[in-house]
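Working notes, beginning with the structure itself.
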Amino acid sequence: MAKNEEQKAAKRSSEPEQAEVTDKTTVMPPVVLPEEKKPEEDAAAEKTAEQSEDNPDDEGKKDKKDKKKKKQTIYTIKLIPDDDGDTKSIRLPARVLKFGIASVAAGALLFVGAFSYSVYSTFANQSGASEIRELRQVNNIQQEQLLQLSKKANALQDEIDQLTQLENDLRRMSGASPAQDSQDDGSGDGQGAVSGQHDGQGGPYPQAPSFDNVSETLDNVEKSIQKRRESLLALQQELKAQQEEMGLPNGAVSLPGSLVGSSVSVTTPTGWPARGEVSSPYGLRWNGSDFHPGIDIANDMGTPIVATADGTVVTAGWNSGGYGNMVDIDHGNGIMTRYGHAMQVVVSVGQHVRRGQIIAYMGSTGFSTGPHVHYEVRVNGQTVNPISYL
């Protein structure tokens, strides 16, 4: 009984307290309830929550990436002057700095490559230039040797001409018959006296001697030496015979050259194109500095020039190569004759001429030192010594 009464008393004592709490609760500000979410938002939220619960690591990685994107490394370069001036700072983002370093590296590589190529090109050019200089030196040496050889060949030819002239004088003085090759040496006159008054020379403009020219000249010198030896031996035998007879013939025998009774074809160059003196022979001349492709026969201005064989005129008039007024005659079979430095040409292209017909008059036109005719004989386009055709 006592226990029940205590419980009742306790209950009665607790009732006022509850009422007091209720009163206090009623005076509190109203609680704002959250707005109701739409079913779609609730579903998305629940899905996101589920994904978060299922993959907590992915969410952490995403947060880290966002932080990295937001965080940008910047480098600061400070410039501090020695005179306690203002310090200057240059702020460069990491990306710009990396791009700058890469650009400098690429530029350095390009510079090294260009420098290496330049050095290689320089050495290659120097090597090529050195080879060219050596080749030029060798060529100059060969040209000098060729010139010296041509001078010696020219000197030998001059000596042979002097021996030939001496032999002819001895034959005339002794009354011996002329040498068989007296017309082949070019030292006598062309159907005229040797007076020494005419010395006109010329031809094409000077041509530097070549290996072929010098070789041909040496061959001619060798042939001339053989002829002179045979001719002198023949003269020796003839003088011995005269001594045995103890007498000399009266008068000198004229040089051969007449075409009377000759069986030579009318289209083969034969005889002299003009009367006069041989002032310049075929071959090297002027101390070996020029190759002369013909012979020069000098005489007075206006001396007639005749064709040495029948043929057709293919050139008649001025030549700019040094021949002056020139006539070319085609005789067929690849043979052609040329007559240069004429004062006047009296034939025309296409005209048919005969041996001995006047085609021009001697002059000093073109590359010439005085009145003369430059006479050439060409076989298949190549010049040959005209002396053998006189």
Any chance you could look up the accessible area of GLU230 with a 1.4 Å probe, heavy atoms only, rounded to 10 Å²? 110
Starting at the first residue of segment 323-337, write each ³J(HN,Hα) from the Karplus equation 6.51 cos²θ - 1.76 cosθ + 1.60 with θ = phi - 60°, in whole Hz, x for Gly and Pro. 7, x, 6, 9, 10, 10, 10, 8, 9, x, 6, x, 9, 9, 10
Tell me whether segment 274-363 comes out rounded, prolate or oblate; compute the Cα gyration tensor, take square roots of the eigenvalues as a ≥ b ≥ c, and use a/c under 1.5 as the rounded threshold. prolate
Hey, if we sort ASP161, ASP290 by accessible area with the 1.4 Å probe, largest down, what's the order? ASP161, ASP290
Under 14 Å by backbone N from the virtual spin label 7 Å along Cα-to-Cβ at ASN287, the residues of segment 119-152 are 147-152
Subtracting the Cα-Cα distance of THR267 and VAL379 from 0.36 nm times their residue separation yields 39.0 nm
Extended-chain gain in nm, criterion 0.36 nm per residue less alpha-carbon gap, SER89 and SER177: 19.8 nm
At a probe radius of 1.4 Å, what is the per-residue accessible area of LYS78, in Å² to the nearest 10? 140
Rolling a 1.4 angstrom probe over the protein chains, ignoring ligands and nucleic acids, what is the accessible area of THR217 in square angstrom, nearest 10? 10
Length gain on complete extension for the stretch ILE132 to GLU238, per 0.36 nm per residue less the alpha carbon to alpha carbon distance? 32.0 nm
Could you check the spin-label model distance between PHE123 and LYS98? Points 7 Å from the Cα along Cα→Cβ, value in nm. 3.9
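The values are calculated or read from the model by the stated rules, or taken from the named source; none is laboratory data. Not measured: the values here are computed from a predicted model. Please note: Cβ atoms are built from the backbone with ideal geometry, for glycine as well, and neighbour counts cover all protein chains shown. For accessibility, only protein heavy atoms count, side chains too; no ligands or nucleic acids. Shrake-Rupley method; radii C 1.70, N 1.55, O 1.52, S 1.80 Å.
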